[in-house]
Structures are given as C-alpha cells and as structure tokens.
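Have a look at the structure below before the remarks.
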Amino acid sequence: MSSFFLTTAIDYVNSRPHLGTAYEKITADVIARYHRLKGDDTWFLMGNDEHSQNVFKRAQEQGKDPLAYCDEMEQVFREVWGRLDVSFNDFIRTTDRKRHFPAVQRMAQVCQDNGDIYEGTYEGFYCVGCEEFKPEKDLVDGLCPIHKTRPEWIKEKNWFFRLSKYQQPLLKFYEEHPSFIEPEVRRNEILRFVEGGLDDLSMSRAGQSWGIPLPFDPKSVVYVWFDALINYAAAVGYGWDDALFKKRWPANLHIVGKDITRFHCVIWPAMLMSAGLPLPGQVFGHGWVFFKGERMSKSLGNMVDPLDAAKRFGPDPLRLYLTKEVPYGGDGDFTWERFEEKYNADLANNLGNLVNRVAAMTERYRGGQLTAQSGGPLATVAAESARAYAHAMDRLALHEGVASAYRLISAANEFIAETQPWSLAKDPANAARLSHVLYDAAEAVRIAAVLLLPVMPSSAVEILRRLGETTAPADLRLDTASTWRASGERAILNAGALWPRLEDKGAPNVSENTTPATPTVPASAAATETTAPAAAVAPAAPAGIHATEAGIAPSDAAAPELISIDDFMKIQLKVAKILEAERVPKSKKLVQLKVDVGEVAPRTILAGIAESYEPEQLVGRTIVVVANLKPAKLMGIESNGMVLAASPEGGGAMLLNAEPAVPGTRVR
Ligand SMILES: [Zn+2]
C-alpha cells in the first residue's frame, strides 16, 4: 500500500469561506477520496492561517480577543467543510501551541544556524490584503492589482531569509523534478521568475505581538507567510514528534491557488532545503472560479456562499459542477443559471433518469432481481471509461476523470434507447435478451457510480445501494469495483427520483396551484447524515393532491373553502391501471395514458407528467384517477379523467401509488 499525503492552502479567517475557497477544498477532497478508493494510505490536511494582521484587525473591530475570534472562525470553517462533505483527516491552526509553534521555532532556528537568516532593514510597500511586500513594479496605478488598495509604506528592522542563495539549487531541482510544479503554465511562470533572480526575503515583523516569536529575537514575530508554510510539516510532527514526521513527510501534493504558487514553489522549497528536509512531490496551482466573470472577494462583495447551493441541493451537485465544469488548473465561472442548467442536464435528466429507468424496469420486468451476465458492448465502454478515468485522475485532470464516468452514463442511456427493454418485454421469446439488457445497463451504472464516488460521495453510495452493491463504501477498491462482474445475483431497488428536475423559471408549472411549500429534498442533501442512506430518497411528499393537467386543473389559488363530506363524495376517485403510455407529440408535459378503471373499455386520460416519467416507466403502474371529470380536449385529444400526483414545489410530479388495489376500486 502506498501512502499519499496531500494538503490544501490554509485559509485566513477574516471572513467565512466563499465558493472560491470551497472550490479548492472540494477538488482536493476529490483527490483525497480518489486515493482512498485506490487503497492508498491517504492523509488529507487542511487548516486555518491565523497570524495575519487582517485577522488581528478583524478581531479588534469586533472587540474580541484574537484567539477567541479564531476559535469561533474555526467552527465556522469546520461547519462549512462538513456540509460540503470535505473529508480532511487533520485540521491545523497556526495558533496551535503544541504543534505549530515548536515547528516554526525549530525551522527558524535551523535556518539561522545554517547562516541563512540575517538582520537588516526593510523599506517598501506592503499590502496587508496579500500580507506581502510589493515591489513598485508590481503595482498598478500605485494599487495592489489583487486588492485594488494602496499598500502601506513600511520601514523597519527585519530578519531576512537568504532566498537568493537558493536560485541555482531551485532551478536544478525543477529540472530534475519536472512534475514538481503543475500545471505546465505555472511551471513556466515560476521558471521565468526564478531565472530572473531572487531577492532575500523578510521573514519577521517588528513590534507586533500577534504571531510566533523568533527564538533568537523574541521581540520579533515570524512573518505570516514564513509561519504559514510550515504548517504542512508542523501537522505531521516536525519539531514535536520526529517519528511521526519521518512517517508522513514529505507531502506528496500541495494544492494551492495560482496566486500563491510562488510561495509554495520558491520560498517553501528553499526553506526546506535550508532546513535539510526532503521537498514535497508536487505543487498544483489551480485556477480561480469566477462569479459571472469576476473574481469573488470580500472587498468586491460578490461572494457566493457554497452553503446556499448545499442547502438547496445537498453538496453533491455543487461538487459535480466544480469538478466537471472547470478544467482543473484553469479558471472557471459560476452562475446560478448555469448551475441549475447543469443540474438538470447531468443529474435530473442524465444520471438520475438512468438510475430510475434501470430500477423501474428491473422491478417491473424482473421483480427487482438480476442475474449477472458476461458483458456485451457496454462492458467494453465500461472498461475503456474506467481506464481513461484512472489515467485522468492520476494526473489531476479531474474534469476529464468525471467526463469519462459520464461517457459511460451516456452510453448506458443510449443502450437502453437502442435495445428498448419495454419492447423486448412484450414477447416472452425475448426473455433472455431482456435479462441481459437489464443487467448490462445496471452494471454500467454501478461502475459509473464507483467512478463518481470521489466526486459525489453520498449520491454515489446511494446509487450503489440501489444497485445491490453489498460491499461497504469504505471497502470498495477502484480496480476490483470498476471491473465488470459476470457472476452473482443482484437485488435492485426502485426508490424514486434522486434529483427531481428543476422547472424552468417562467415556464408554466402545472403543479403550482394548491401545493404547499413542501421542500423537495434531493437525495444528497439528506445523505450528509452519512449513515442513513435510506433517508437519501426524495420524500414522496404528501404535498397536496391536485390536478396535474393545466387545462383541466381547478385554477383557484386562494385558500380553499371547507367542503362537506357530501361535496367530497361527488368526486369519484378510482384506482386505475396504466395499460399504455406515450408522449403527446409537440407537448413537453403531456403524456397520453390508456388506463383500466374497471370499466368495459379502457379510458384515455392526458396527464402533465412527461417531465417526471418516461412513458415506459408508467406502464403497469396502479394509480388514482378522478373518474367523473367532464371530458376535456387538449392538443386535439379527448381526456376522460385526471390522474392524481403529489407535486412538490420545484420538483416533478409523483404519481400516487394505489397498489395493490384492483382497478375500479373506489378511493375515499
Ligand atoms: Zn494585495
């Protein structure tokens, strides 16, 4: 078993995490979960950077002790990461006196002993937002290009780290370790920067109390960046547990934003060289996620709260969006419109619908039981997808990894469309063929869910549960779990929509009449309570019974007046069985049903449920209809009755199930 130690940047705690911060943690979490799925002994470190002057100021503004303020913010950060299913193993704070203080003081002392730290005077511009000295050439109209603020002019006694001495050793190291800096574009930036020569670095601040005192000059504190970088070593024992440090260090991967690659690719390795420590395996500088094309920041006031997305949909749709839609290493953009569009396309219509169809058809045609079959054409696609997935994930092309899983999902959807299991089911002579088709589709979905485990942990677990996966999620291993299984029995669970489709804004919603605001909780929202996969099913909300067909629905949206039992008994509700179902041409919402209501001849009823159900899912269902509704003509077809469905707000209609009652039975 190989071990894998990865880290994210630690965050300033002067504001709560926004979507841009969450992007880094989510993608790092996808990588961590991928390595666990591979069976690596994975250690995933995150943390908070607390010795910033910004943090100190923010605490003062709120009249708080800075440490108490940081304690509070730690809880805020931990809550957000928990809600987003970020599975760090360790969380370090730079105010940690047991781990971080001794590590920073040890490293400062070792570098000093090696002659790499000397005393001098610093004079120059300092941007407090960046916590960085800014050479005049980097300013734009005198302002910090990132914060659009005017840096302070500072002159003080400082201790300097002899960074210049490490120019050649760094260049040699980059050459010998070509994958140390990724992606390529960052590597080139850093190479040009280091080739241009390195200035020594101020590594202390004078006259401040908020920070870690230098062991050889306790009146000065360690400059926040020199301090912060050491967290990666401090967390795994440097300066306080040599055996632990030896076991975990060096880190295999530092995930950081592209704006701070310089610190991680130049200063940090030089510090480690000075301290005589091994260097990390790789620094990956990811891009930024913009909001409508602008960088999210507190100062610009355009921060998206990732919990807004998690509250509405659970963490997984957001995790999928950020991993799939942003090429890892490049920049991406987030808008709510685009997010909802992708939710409908990737989850409601594609993966969610696929899971639904496979489960519904297996239930209907095979009583929910499948026997394994040797692979057909889908098995080939599955093997190719799994191979491409691993290749992409290993080189951190996360977006390509997800795309590989989605290629398999699309192939399974096409396979169902081509093989038409509902047609095969009509002729007993096709029984073996039907069994094979259903198994192949289910097996393809199972493998796709395995590939998506790192990206959508709770949803993938729920899909695997429905597909009869018996191995505990934590015990699944990529190589075996993504291999086609050609033996065994499988119990498939038909458990309802995972991701109800979002209605287009402005489009008439057939289900908006009388529905109280019962929230439709998509699967993964509930599934954050990790041990309760059963709760991950969208509740069949008893959301108020009403017409699902716009043309014949009562249109009174006001609070309904009370009716007597006699009034109610005027409505004949009856059990009906759906015999045939087909889409009404040119209608997005209407399905034409032929139903058995226990009468001599079947009836035709039009229902506005085409966005929730595929016609083939409907045939055979036992439902409730209003049997004595006046006939109405829609799209040229006469409808004789109305079906009843629960219609949660924002979600698709869910037909009421009347099984096992016999068609024609009165409902009252
Ligand atoms: Zn700045």
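Every number here is computed from the coordinates shown, using simple stated rules; none is lab data. On a predicted model such as this, the values are computed, not experimentally measured, just so you know. When we count neighbours, we look across all protein chains shown, and the Cβ atoms used for this are built from the backbone with ideal geometry, even at glycine.
Tabulated data for the structure shown
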| quantity | calculated |
| --- | --- |
| Residue exposure sequence - 297, 209, 482, 179 - by fewest surrounding Cβ within 10 Å | 209, 179, 297, 482 |
| Only Lys, Arg (+1) and Asp, Glu (-1) charged, at Cβ; the chain dipole about Cα centre in debye | 980 |
| Relative contact order of the chain, defined on C-alpha pairs under 8 angstrom at six or more residues apart (%) | 11 |
| Relative contact order of the range 90-178, pairs being alpha-carbon contacts under 8 Å that are 6 or more residues apart, as % | 26 |
| Over the range 168-318: Rg over Rh, Cα atoms, Kirkwood Rh | 1.02 |
| Distance from the range 468-500 to the range 264-283 (C-alpha centre basis), Å | 43 |
| Dipole-positive endmost among 107, 198, 359 within the chain (Cβ charges, Cα centre) | 359 |
| Of 118, 211, 279, farthest towards positive along the dipole that unit charges on Lys, Arg, Asp, Glu beta carbons give the chain | 279 |
| Where Rh is the Kirkwood radius over Cα pairs, Rg/Rh for the chain | 1.07 |
| Difference of contour (0.36 nm per residue) and Cα-Cα distance, residue 1 to residue 582 | 203.8 nm |
| Translational diffusion of the range 1-94, µm² s⁻¹ [Kirkwood Rh, Cα pairs; Stokes-Einstein; 37 °C; 0.692 mPa s] | 235 |
| Residue list for the range 567-588, given a label point 7 angstrom along the Cα-to-Cβ vector of residue 665 and an amide N cut-off under 19 Å | 572-579 |
| Simple spin-label estimate for residue 571 and residue 114 in nanometres, 7 Å along Cα-Cβ | 7.9 |
| Qualifying trypsin sites (Lys or Arg not before Pro) in the range 567-667, DSSP loop, other Cβ atoms within 10 Å at most 15 | 570, 586, 588 |
| Farthest toward positive dipole pole in the chain [+1 Lys/Arg, -1 Asp/Glu at C-beta], among 322, 81, 604 | 604 |
| Centre separation in Å (Cα based) which lies between the range 321-349 and the range 597-664 | 35 |
| Cross-link reach list, lysines versus residue 25, counting only Cα pairs under 16 Å and skipping chain neighbours closer than eight places | 258, 324 |
| Theoretical FRET efficiency, 1/(1+(r/R0)^6), r = Cβ-Cβ of residue 391 and residue 191, R0 30 Å, to 0.05 | 0.70 |
| Residue-averaged [θ]222 nm for the chain, counting only DSSP H segments that reach four residues, each worth -39500 (n - 2.57) | -10500 deg cm²/dmol |
| Pairwise Cα inverse-distance average, inverted: Kirkwood Rh of the range 239-305 (Å) | 14.4 |
| Two-site label geometry, residue 41 and residue 600: point separation in nm, points 7 Å out along Cα→Cβ | 8.0 |
| The range 84-146-the range 1-42 distance, computed between alpha-carbon centres (Å) | 21 |
| Percent of Cα-Cα distances greater than 24 Å, calculated over the range 258-368 | 50 |
| Calculated P(r) of the range 1-51 - Cα pairs past 18 Å, % | 37 |
| Where labels lie 7 Å past Cα in the beta-carbon direction, separation of residue 371 and residue 349 in nm | 3.8 |
| Translational D in µm²/s for the range 381-467 (Stokes-Einstein at 20 °C, 1.002 mPa s, Kirkwood Rh from C-alpha pairs) | 156 |
| Cleavage-rule hits, trypsin sites (Lys or Arg not before Pro), the range 158-214, DSSP coil, Cβ neighbours within 10 Å at most 15 | none |
| Sequence-separation-based contact order of the range 1-107, relative, with Cα cut under 8 Å and 6+ spacing, percent | 35 |
| Filtered chymotrypsin sites (Phe, Trp or Tyr not before Pro), the range 379-422: DSSP coil and at most 10 other beta carbons within 10 Å | none |
